[in-house]
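Take a look at the structure set out below.
Bear in mind that the values in this text are calculations on the coordinates, not laboratory data. Note that the coordinates shown come from a computational prediction; the quantities given were computed from them, not determined experimentally. For neighbour counting, all protein chains shown are included, and Cβ atoms are generated from backbone atoms with ideal geometry for every residue, glycine included.
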Amino acid sequence: MTMRWAPRIPVLVCIAFTAALFGQIDSYQLRAKYGPPLARETFTISPDFQVIVDYGPDQQVCRLELPASVTADDTLLELVPMSMRGKNLGTMFVFMGRASAKMTEYEHVFIGEPQDPDHHGLRTGVNLVFKREECRDR
């Protein structure tokens, strides 16, 4: 029985590789379906600390995403000092089932801090979004 399949194995292997080629998704397909990608960069501050930056059409920062870390507050303060944030307009907590987030609004930015549902008061990251008009669709 194995002798009958032996000559067909190369044909089956070629069919398998050809099928895999058609299953790939490339940049052109994604752009055609969803439009141009976000202008995004990732900066490595230290081996286990990366800052993700999204830019607006004017190449100005619209959004910063930082991991939960001891140095996140210092890094955020260095990148966006209090003078750039503007007046603190208030802080609120949002609860959605087990998930929650601390939201702080300033004149020029929003800062969101998703909270770990298993550890009260422990955040899972920090997201800062500028309120500029160019950043609204990002």
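Remarks
- Per residue, the average separation of C-alpha pairs within less than 8 Å and at least 6 apart gives the stretch 35-135 a relative contact order of 23 percent.
- Set against the 2.2 N^0.38 Å expectation for a compact globular protein, the stretch 22-113 has a Cα radius of gyration ratio of 1.37.
- Model label sites at ARG40 and TYR28, defined 7 Å from Cα along the beta-carbon direction, differ in position by 2.4 nm.
- FRET efficiency for the LEU79 to GLU133 pair, using the beta carbon distance and R₀ = 30 Å, is estimated at 0.90.
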